[in-house]
Amino acid sequence: MTVTRFAPSPTGYLHIGNLRSALFNWLIARKAGGTFILRLDDTDPERSKPEYADAIQRDLEWLGLTWDRMERQSDRLDRYRAAADDLRAKGRFYEAFETPTELDLKRKKQLNMGRPPVYDRAALDLDEAAKDRLRAERGGHWRFLLERERIEWDDGILGPVSIDAGSVSDPVLIRGDGQVLYTLASVVDDTEMGVTHVVRGSDHVTNTATQIQIIEALGGTPPAFAHHSLLTGPQGEGLSKRLGSLSLRDFREAGIEPMAILSLMARLGSSDPVELRTTLDELVAGFDISRFGAAPTKFDADDLKPLSARVIAAEPFEAVAPQIATIGVPDAIAPQFWEAVRENIATRDAMADWWALFRDGAQPVVADEDRAFIEQARGLLPPHPYGPDAWAEWSGAVKDATGRKGRALFRPLRLYATGAETGPDMSLVMPLLQKPL
């Protein structure tokens, strides 16, 4: 069975970059009829917050990306300790004592000598007496002993990948304070939970190489890996400083539709065009991880707005009727109201603005050169309440009386009636006006 997972850290809100990994893993699981696991990487007790864990779940539920089971790494610390003991017994785990300052000095020295900044394994030369002295001074951290060989896998997006383990430092898996780090926890979880496919950002490629060796050292089978490109801004700039403004909760509060976000992100960076989907099933059917490329992918939040408007416009009346009722539109004219505004709103909340205009009237806008024209037009208005043919009757009468036609006729009349240059078809607007013009 296909098993995928999304493993966010509850140390902040989900942003659009997180979503790529969540969505791709969810789509793979759903397309194969498999299992999708939401796994909270909450082994850092200081930074992990319950409110962020709750927010992650709300964001995924809002998008419709439901999970089959949820796991918390903080509930599995005994499993990580057992794995650490196993690696020690196999001679693949060793204690080191360098401080961050000492490690930084080593790296700078290696770089100055033209060497790669790889940990020199000095800790392996310490005898027990030396280790005891260092333990008395500082906490020791635990590193995984990499085998100096090439680590290779066939990546679902990048293709064949080969990394020389000799160019990578032995990863720290447990900190001096005893905190289990992501690399070990993730490996243990993926192995014990039967994860078969892992899709994540290309910034994890080197981490994947080390994890493959750890998985194999623990007797597991590495999953199929795929590393998607990282998002940039519309001009190719990094998003790292903007991610706070690209959180999913901000998009939700701004009225962006879930299917607009999902439709864009399910195709962005692939060789397929972005197509608006109306259901999650359509999204699943059209997804193919092999269609994605390795090049950085440009993301422009403004692209979501027209997609979102199209999602709203396609909604049947029944889907929006409760919100239309909430803003006070009488049931008798609610279907007419939706027909008038559906293609003229960017968010669902904008319906309230149109109803306010229809209910209370607009502040007329009249250019100086059109004042006499509008005064004449007002005298030709049909009686209120306006019927379905009111706009045709009024504009026709004004045309006959003034000789105006086209834009010179319709633009001043719309500005007078609605205070705006654009909007719904006036033949739909006039019957909705609750007060006479």
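Nothing in this text is a laboratory measurement; each read-out follows from the coordinates by a stated rule. Note that the structure is a prediction, hence the values are computed from the model and not measured. Reconstructed Cβ throughout: ideal geometry from the backbone, glycine too, with neighbour counts over all protein chains shown.
Taking every alpha-carbon pair under 8 Å whose residues sit at least 6 apart, the chain reaches a relative contact order of 13 percent. Counting only DSSP beta bridges whose two residues both lie in the chain, roughly 50 percent are antiparallel. Percent of C-alpha pairs per 10 Å bin in the chain, short distances first: 4, 17, 21, 18, 13, 9, 7, 6, 3, 1, 0.
Gyration tensor analysis over the Cα atoms of region 7-82 returns equivalent ellipsoid semi-axes of 21, 16, 10 Å (largest first, whole Å). The residue among 169, 116, 33 whose Cα reaches farthest toward the positive pole of the charge dipole of the chain, with charges on the beta-carbon of Lys, Arg, Asp and Glu, is 116.
Each Lys and Arg adds +1 at its Cβ and each Asp and Glu adds -1 at its Cβ; summed about the Cα centre, the chain shows a dipole of about 600 debye.
Evaluated over the Cα positions of region 155-213, the convex hull gives a direction-averaged projected area, one quarter of its surface, of 4.8 nm². The percentage of C-alpha pairs in region 18-138 whose separation is greater than 16 Å is 76%.
Compute the label zone of residue 54 within region 254-268: residues whose backbone N is under 16 Å from the point 7 Å along Cα-to-Cβ. Under 16 Å, as judged by backbone N against the label point of residue 54, lies no residue of region 254-268. Neighbour counts of C-beta atoms inside 10 Å place 15, 227 in the sequence 15, 227, starting with the fewest.
Residues 384, 197 in ascending order of nearby Cβ atoms (within 10 Å, fewest first): 384, 197. A Cβ-based charge dipole, computed about the Cα centre of region 233-312 with Lys and Arg at +1 and Asp and Glu at -1, lands at about 200 debye. Taking a ≥ b ≥ c as the square roots of the eigenvalues of the alpha carbon gyration tensor, region 91-215 is oblate, as a/c is not under 1.5 and a/b does not beat b/c. Applying Stokes-Einstein at 10 °C and 1.306 mPa s to the Kirkwood radius of region 325-364, computed over alpha-carbon pairs, gives a translational diffusion coefficient of 151 µm² s⁻¹. Based on the Cβ-Cβ distance of residue 411 and residue 334, what FRET efficiency does E = 1/(1 + (r/R0)^6) give at R0 = 25 Å, to the nearest 0.05? Step by step, r from the Cβ atoms, then E = 0.30. Note on region 321-432: Rg/Rh from Cα positions, Kirkwood definition for Rh, rounded to two decimals, is 0.99.
Between 362, 278, 52, the Cα set farthest toward the positive side of the dipole of the chain (charges on each charged residue's Cβ, about the Cα centre) is that of 362.
Taking 32 Å as the limit for the C-alpha separation, the pairs 108/131; 49/90; 399/435; 305/399; 31/298 exceed it in the case of 49/90; 305/399. Model label sites at residue 122 and residue 310, defined 7 Å from Cα along the beta-carbon direction, differ in position by 6.0 nm. Ordered by the count of other Cβ atoms within 10 Å of each Cβ, fewest first, 342, 143 give 342, 143. Could you tell me the calculated FRET efficiency between residue 112 and residue 326, based on Cβ-Cβ distance and R0 = 51 angstrom, to the nearest 0.05? The computed FRET efficiency comes out at 0.15. Remark: region 168-296 projects, on average over all directions, an area of 10.9 nm² (convex hull of Cα atoms).
Which of the three applies to region 233-312, rounded, prolate or oblate, going by the alpha-carbon gyration tensor with a ≥ b ≥ c and a/c under 1.5 meaning rounded? Here region 233-312 falls in the oblate category. Each of the peptides 307-315, 368-376 was scored by the mean count of other Cβ atoms within 10 Å over its residues; in descending order, highest first, they stand as 307-315, 368-376.
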